[in-house]
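Trainee: Once you've had a glance at the structure underneath, I'll fire off some questions.
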Amino acid sequence: MAGDAFTQIRNAVFRDVRLSAKAMGVFGNISTHRDGWGITPETISAQMRDGVDAVKAGLRELEKHGYLHRERERRPNGTLGASSYYITDQPELIEETPRSEPEGENPPQAEPP
């Protein structure tokens, strides 16, 4: 399948002077996987020469500049679960939508005592 043989990414990602070579490499690595492929900073690190901390720094950089969006699963018991990464090579087209946090049985008071 052609999608397994090459990856197409806009040149703008690699010409964005705000991004380090590390962030560009992490973006490129993530781009080689199909949608829904399970990756973690550890699996990315295993495919690159950089350590897990460097990969995490690259992910934060991509997120800061709009190339990566993360969503964190919240389990029914309230604990955090797996993260989902969504990448784009056109961050200028992503419209930030406000997110609401779930409210528990006792929502915060307007003016606490």
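The values are calculated or read from the model by the stated rules, or taken from the named source; none is laboratory data. None of the values given here were measured: they were computed from a predicted structure. Here the Cβ is made from the backbone with ideal geometry for all residues, glycine too, and neighbour counts use every protein chain on show. Protein only, heavy atoms only, side chains kept; ligands, DNA and RNA dropped before computing areas. Shrake-Rupley method; radii C 1.70, N 1.55, O 1.52, S 1.80 Å.
Trainee: Calculated FRET efficiency, PHE6 and ARG72, Cβ-Cβ r, R0 41 Å, to nearest 0.05?
Mentor: Details: r = 31 Å, r/R0 = 0.77.
In this case the efficiency is close to 0.85.
Trainee: Going through the stretch 1-97, which trypsin sites (Lys or Arg not before Pro) have at most 15 other Cβ atoms within 10 Å and a DSSP loop state? Before the final figure, lay out each step's value.
Mentor: Details: sites: ARG10, ARG15, ARG18, LYS22, ARG34, ARG49, LYS56, ARG60, LYS64, ARG70, ARG72, ARG74; in loops: ARG10, ARG18, ARG34, ARG49.
Answer in residue order: ARG10, ARG18, ARG34, ARG49.
Trainee: Write down the radius of gyration of the stretch 11-91 and its Dmax, each obtained from C-alpha positions, in Å.
Mentor: 13.0, 44
Trainee: Give me the number: length gained by fully extending GLU63 to MET48, i.e. 0.36 nm times residue separation minus the C-alpha to C-alpha distance, one decimal in nm. Don't jump to the answer; show the numbers that get you there.
Mentor: On the way: separation 15, 0.36 × 15 = 5.40 nm, distance 1.95 nm.
Value of the extension gain: 3.5 nm.
Trainee: With unit charges on the beta carbon (Lys/Arg positive, Asp/Glu negative), name the residue among GLN47, SER83, GLY25 whose Cα is farthest towards the positive pole of the charge dipole of the stretch 11-91.
Mentor: Highest projection toward the positive end goes to SER83.
Trainee: Here's another thing I want to ask about it. Before I look further, what does the stretch 11-91 give for accessible area per residue, probe 1.4 Å, in whole square angstrom?
Mentor: 63
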